[in-house]
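One structure is given below, encoded as structure tokens.
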Amino acid sequence: MTSPAGTDQSQIAEKAALLGRLAAQRGHVLGILRGLSDEQLRRSVLPSGWTCLALVRHLAVDVERFWFRGVVAGQPVDFDDSTGWLPEPAATGETVLGLYRDEVRLAADVLARAGLEAPPVRWPSYFTDFRLTSTREVLLHVITETATHAGQLDAVRELIDGRTWLGDPETRVSR
């Protein structure tokens, strides 16, 4: 196997490990929601009022699209899009989950071309006291954010119907 210019085997292995962890967290997000109805996906069970659909839309728009297509690749995505947590009233669960899958696929295209050391191509002007300096840092940020939200979805799923991602095999969401 020939390494891309400017990379070595350790960077290739590191990138593969990071992408593997991100894929696992993305799979967790989609997996913990498997089997929920549209009504359940729209149900708010926490005092903050967010729903599973709202959180998945946030992951699609404010995480995958924003960080990978907007920041890493510099594509013309709206950095001021305030709709992340707001699924369309008529949107089905499959529509919102499909948006997430689409953004994951588009992010994979960006990440396939980006080196870990590459600086962001574009940066939002409103992040004045915060800066990620490389694709590696963006990947680590997104892994952390996705894992955090996957954990929140775990708790919400258990409150909705008693199912879990890990734990007692009798309560686990089928995989």
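Residue count for region 140-173 under the criterion of being of a type in the set (D, E) and closer than 24 Å to V104 by Cβ: the result is 2.
Condition first: open to solvent by less than 50 Å² (accessible area, probe 1.4 Å) and among the hydroxyl-bearing types (S, T, Y). Can you find one or more residues in region 1-9 that meet it? Yes.
Of the candidates D62, D81, the single residue that is under 24 Å from T135 (Cβ atoms), touching a Gly at 6+ places or on another chain (Cβ under 9 Å) and open to solvent by 30 Å² or more (accessible area, probe 1.4 Å) is D62.
Only a single criterion out of (1) crowded, with 18+ Cβ neighbours inside 10 Å; (2) assigned to a helix (DSSP H, G or I) is not satisfied by R105, namely (1). The single residue among R21, R43 that is among the charged types (D, E, K, R), open to solvent by 50 Å² or more (accessible area, probe 1.4 Å), over 27 Å from S134 (Cα atoms) and in contact (Cβ under 8 Å) with a residue 60 or more places away in the chain turns out to be R43. Return yes or no: is R57 buried (at least 21 other Cβ atoms within 10 Å of the Cβ) and out of contact with any strand residue (DSSP E or B) (no Cβ under 7 Å at 6 or more places or on another chain)? Answer is yes for this residue. For region 122-129, the criterion of being within 16 Å of G74 (Cα to Cα) and in contact with a Phe, Trp or Tyr (Cβ under 6 Å, 6 or more places away or on another chain) is met by at least one residue. Scanning region 158-175 for residues that are of a type in the set (K, R) and either farther than 12 Å from L33 by Cα or open to solvent by less than 100 Å² (accessible area, probe 1.4 Å) (or both) returns R163, R172. Scanning region 86-102 for residues that are within 17 Å of V63 (Cα to Cα) and surrounded by 17 or more Cβ atoms within 10 Å (Cβ to Cβ) yields P87, V96, L97, L99, Y100.
The values are calculated or read from the model by the stated rules, or taken from the named source; none is laboratory data. A quick note: this is a predicted structure, and the numbers were derived from the prediction, not measured. Quick reminder, even Gly has a Cβ in these numbers, built from the backbone with ideal geometry, and neighbours come from all protein chains shown. Surface accessibility is based on the protein's heavy atoms, side chains included, excluding ligands, DNA and RNA. Shrake-Rupley method; radii C 1.70, N 1.55, O 1.52, S 1.80 Å.
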